[in-house]
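Here the structure is laid out as structure tokens; the discussion comes afterwards.
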Amino acid sequence: MTELELAVKSVKGYCSAGLQAGHKFVFRDPLVVPEDRSPLCLYALSAMFPYLTAACRKTPAADWINSVAELQCPDSANTVVFAVRRRVSDSD
């Protein structure tokens with residue numbers, strides 16, 4: 001199973017969920033698990049959802065989805081940028 005680690009890389013402005021650089025989440029399809037009990041904004045999650053579900057599938061190395069390194073929330077005035085890292089478990 002492929003997991004995705006989402007780490008807050010930067011916050012421009014004010015994040016209404018209180019996210020700060022360094023906060024981490026792990027997407028274990030179908031769960032989003034905060035690693036430090038931080039809340040995750042529904043708007044940010046909904047913007048990332050199409051990528052998250054697609055990135056958890058097995059893909060060839062050349063697939064475009066493997067090159068995505070960052071995602072961001074849709075709030076242009078208060079943007080949170082998430083670094084994305086794929087983690088493949090031993091059971092794959």
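The values are calculated or read from the model by the stated rules, or taken from the named source; none is laboratory data. Values in this document were obtained by computation on a predicted structure and should not be read as measured data. Note that each Cβ is placed from the backbone with ideal geometry, even for glycine, and that neighbours are counted across all protein chains shown.
Numbers at a glance
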| item | result |
| --- | --- |
| Residue in the range 17-31 that is farthest from E5 (Cα to Cα), counting only those that are surrounded by fewer than 14 Cβ atoms within 10 Å (Cβ to Cβ) and modelled with pLDDT of 90 or more | G18 |
| Boolean, S91 is surrounded by fewer than 12 Cβ atoms within 10 Å (Cβ to Cβ), in a loop (DSSP other than H, G, I, E, B) and either more than 11 Å from the chain's Cα centre (by Cα) or modelled with pLDDT of 90 or more (or both) | yes |
| Residue within the range 2-9 that is modelled with pLDDT under 90, hydroxyl-bearing (S, T, Y) and surrounded by 14 or more Cβ atoms within 10 Å (Cβ to Cβ) present | yes |
| Test: residue in the range 59-78 that is surrounded by fewer than 16 Cβ atoms within 10 Å (Cβ to Cβ) and touching a Gly at 6+ places or on another chain (Cβ under 7 Å) | yes |
| Residues located in the range 74-87, provided they are more than 10 Å from the chain's Cα centre (by Cα), under 23 Å from K12 (Cα atoms) and in contact (Cβ under 8 Å) with a residue 24 or more places away in the chain | P74, D75, A77, N78, T79, V80 |
| Pair list, Cβ under 6 Å, 6 or more apart: the range 36-59 residue closer than 15 Å to R85 by Cα and modelled with pLDDT under 90, other residue surrounded by 12 or more Cβ atoms within 10 Å (Cβ to Cβ) and aromatic (F, W, Y) | L52/F27 |
| Failed criterion for L71 (all others in (1) closer than 16 Å to A83 by Cα; (2) modelled with pLDDT under 90 hold) | (2) |
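Conditions (1) acidic (D, E); (2) under 15 Å from the mean Cα position of the chain (by Cα); (3) assigned to a loop (DSSP other than H, G, I, E, B), marked per residue:
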residue	(1), (2), (3)
E5	yes, yes, no
F25	no, yes, no
V33	no, yes, no
Y43	no, yes, no
M48	no, yes, no
L52	no, yes, no
A62	no, no, yes
N66	no, yes, no
